[in-house]
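Please treat every number below as a calculation from the coordinates, not as lab data. No experiment lies behind these values; they were computed from the predicted model shown. Note that we place each Cβ from the backbone using ideal geometry, even for glycine, and neighbour counts take in every protein chain shown.
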């Protein structure tokens with residue numbers, strides 16, 4: 001399922017991305033195992049907060065991606 005569908009089940013029909021922070025760091029032991037990486041690998045880390053239209057936080061997420069396997073495209077409307 002999707003985040004949007006999950007939130008809708010709880011009566012939240014709309015939300016906004018309040019913030020996304022991107023950073024890079026060396027993979028730790030858990031990253032190495034979970035992402036099948038070699039020691040010294042770099043991971044991209046995203047930390048995001050979604051809020052209701054009136055600003056109430058409803059979701060926090062932290063994700064890690066192997067830097068060598070992804071490309072991020074950032075754009076603004």
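Here the spin labels are modelled as points 7 Å beyond Cα on the Cα-Cβ line, and at residue 74 and residue 56 they lie 3.0 nm apart. With a Förster radius of 35 Å applied to the C-beta separation of residue 33 and residue 8, the computed FRET efficiency comes to 0.50.
Sequence-distant contacts, meaning Cα pairs under 8 Å at least 6 residues apart, place the relative contact order of the chain at 27 percent. Stretching the chain fully between residue 26 and residue 46 yields a gain of 5.8 nm (0.36 nm per residue, less the alpha carbon separation). Convex hull volume per residue, computed on the Cα atoms of the stretch 3-69, equals 101 Å³. If both residues of a DSSP beta bridge must be in the chain, then about 100% of such bridges are antiparallel. For the chain, adding -39500 (n - 2.57) for each run of n ≥ 4 DSSP H residues and dividing by the number of residues yields -4000 deg cm²/dmol at 222 nm. Both the radius of gyration and Dmax for the stretch 31-76 are 14.3, 44 Å, in that order, over alpha-carbon atoms.
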